[in-house]
Structures are given as C-alpha cells and as structure tokens.
Amino acid sequence: MAAVTELIDDSRDPAVRGCLHSPVRPNGDALILTHGAGSSSTAPLLVAISEAFATHGYVVLRCDLPFRQERRNGPPFPGNAERDRAGLRNAVAILRKKFAGRIFLGGHSYGGRQATMLCAAEPELVSGLLVLSYPLHPPRKADQLRIQHLPNLRTPSLFVHGTRDPFGSIEEIKKALGLVPAKTELITVEGAGHDLGFKGKSQAPELPAKILDAFRRFML
C-alpha cells in the first residue's frame with residue numbers, strides 16, 4: 001500500500017497543501033488531483049482515485065485549492081479563480097522539482113474546470129488532464145456555457161461524466177469537446193449524477209479502477 005504523508009509548502013503564494021500518496025513501486029509519473037467548489041481534498045472520490053493510481057505506481061498529490069485553505073466551508077468567492085489556478089500551477093512546480101517523469105493534472109467539477117483553464121493558457125504545463133464531472137453550465141441554465149477557453153485547450157484530456165449530471169448532458173459535453181483541438185476522450189458513468197455515483201467504496205467501488213484503466217490507455 002502506498003504511503004500517505006501531509007505536504008505543506010509555504011514557500012510560494014498561494015501555498016500548496018494536501019496529501020501525497022507515494023507508491024511502493026513508482027512508475028515515474030505523477031498526478032495532481034483537486035476538488036470541487038463545495039468539497040476539499042478529503043472527498044471520498046479523490047481519496048479512492050488517488051489510492052488506485054498510487055497502487056499502479058503514480059505519485060499522487062491530493063491538494064486543497066487556495067480558497068479551501070483560507071476557509072473550511074463554502075464555495076470560492078467570485079473573482080478568486082485566478083488565485084486557485086495559481087495554486088495548481090505552484091503544485092505542478094513543486095512536483096516537477098521532485099520528479100522527473102510526466103506530470104498530470106486533474107480535478108472534480110470546479111477543480112477540473114480550473115485545471116482546463118490553466119492548461120488552455122499554459123499548454124506546456126502538464127502532459128495530460130483528468131477532468132471529472134466538468135461543470136459545463138449551472139443546473140437548469142444551459143445557456144450559460146463555460147466553454148470560452150476550450151478552443152485553446154491543447155493538452156490531451158480525459159473527461160469522465162455521469163449520464164444524469166445536471167451540469168451538462170452527455171450530448172452537451174460531446175458538443176463542447178468538439179471545440180477542443182487536443183486529443184480528448186469521454187468516459188461515461190451510467191446513471192450517475194455530478195458526484196459520479198461515488199459516495200464511498202460501498203457504492204460504485206469499481207469506478208476508481210475504471211478511471212485508472214481508461215487514463216492509462218489514453219495517456220500511452
């Protein structure tokens with residue numbers, strides 16, 4: 001089993017804080033995972049995915065975005081997204097100093113959206129993206145699409161999306177991915193909502209392994 005240690009680096013602003021999963025037999029690659037607007041790095045889905053990836057040799061950093069470091073509850077304040085993206089950029093820089101292999105970036109909902117926006121602006125930052133439940137639009141507000149940056153996204157990106165996600169239907173997500181010039185793939189989770197149907201290992205226990213297998217194939 002991978003060792004899990006706390007990682008705190010206050011040498012940069014914003015600071016990087018989270019948990020580092022160190023595999024017994026590293027494969028040379030690393031993944032940074034972050035959370036949604038109403039969650040944190042302790043979300044059961046992120047923990048389970050981190051464990052699955054670490055079991056197969058990935059170093060995984062589950063990190064709290066700056067807004068969550070500043071307050072334990074509540075969504076990010078409007079206008080602070082740039083600072084959250086800076087936090088992800090700093091996390092990449094820290095892992096790049098420690099590991100020579102590929103670095104991947106991923107996140108759930110808000111965290112995944114910030115990861116795509118960061119990579120659209122900095123296409124050479126990481127080797128690939130893992131985007132869980134991309135919040136394409138607010139529920140019941142399909143006209144408020146969050147797609148402006150997608151034509152600039154040139155980082156290979158694997159998207160995972162539930163078929164009952166109110167933040168975007170499968171058809172809407174497919175249409176949005178058509179705007180992305182990079183290599184993309186969409187993995188659907190049948191019957192799942194924005195949480196991908198994962199509320200702990202007792203529910204959807206196969207999901208982390210499914211995501212891992214798809215990611216490994218996609219990033220070959």
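Results, tabulated for the structure shown:
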quantity: Test: residue in segment 71-85 that is of a type outside the set (Val, Ile, Thr), modelled with pLDDT of 95 or more and closer than 26 Å to Ala2 by Cβ; calculated: no
quantity: Hits in segment 48-79 - residues which are assigned to a helix (DSSP H, G or I), closer than 15 Å to Leu105 by Cα and hydrophobic (A, V, I, L, M, F, W, C); calculated: Ile49, Phe53, Ala54
quantity: Residue match in segment 212-219 (condition: in a loop (DSSP other than H, G, I, E, B) and on the phi < 0 side of the Ramachandran plot); calculated: yes
quantity: Where a residue in segment 115-126 is modelled with pLDDT of 95 or more and its partner, wherever it lies, is of a type in the set (Lys, Arg), with Cβ under 6 Å and at least six apart; calculated: Leu118/Arg85; Pro123/Arg154
quantity: Number of positions in segment 136-169 that are surrounded by fewer than 22 Cβ atoms within 10 Å (Cβ to Cβ) and within 21 Å of Lys210 (Cα to Cα); calculated: 4
quantity: Filter pass, Ala182 being assigned to a helix (DSSP H, G or I) and either within 17 Å of Cys63 (Cα to Cα) or more than 15 Å from the chain's Cα centre (by Cα) (or both); calculated: no
quantity: Search result, residues across segment 84-140 that are aromatic (Phe, Trp, Tyr) and in a strand (DSSP E or B); calculated: Phe104
quantity: Filter result for Ala182 (within 26 Å of Ala93 (Cα to Cα), of a type in the set (Gly, Ala, Ser) and touching a residue at least 24 places away in the same chain (Cβ under 8 Å)); calculated: yes
quantity: Those residues of segment 1-47 which are within 12 Å of Tyr58 (Cα to Cα) and among the hydroxyl-bearing types (Ser, Thr, Tyr), in sequence order; calculated: Ser22
quantity: Looking only at segment 6-33, and only at residues there that are of a type in the set (Asp, Glu) and part of a strand (DSSP E or B), the one that is surrounded by the fewest Cβ atoms within 10 Å (Cβ to Cβ); calculated: Glu6
quantity: Complete set of residues in segment 178-214 that are exposed (fewer than 14 other Cβ atoms within 10 Å of the Cβ) and in contact with a helix residue (DSSP H, G or I) (Cβ under 6 Å, 6 or more places away or on another chain); calculated: Gly200
quantity: Residue count for segment 60-77, restricted to those that are of a type in the set (Asp, Glu) and either in contact with a Gly (Cβ under 9 Å, 6 or more places away or on another chain) or surrounded by 24 or more Cβ atoms within 10 Å (Cβ to Cβ) (or both); calculated: 1
quantity: Set Leu158, Leu145: member being outside any loop (DSSP other than H, G, I, E, B), closer than 25 Å to Ala81 by Cβ and not basic (Lys, Arg); calculated: Leu158
quantity: Identity of the residue in segment 109-127, in contact with a Ser or Thr (Cβ under 6 Å, 6 or more places away or on another chain) and closer than 24 Å to Gly197 by Cα, that ends up surrounded by the fewest Cβ atoms within 10 Å (Cβ to Cβ); calculated: Ser109
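The values are calculated or read from the model by the stated rules, or taken from the named source; none is laboratory data. What you see is a predicted model, and the numbers here were worked out from it, not measured in a lab. Reconstructed Cβ throughout: ideal geometry from the backbone, glycine too, with neighbour counts over all protein chains shown.
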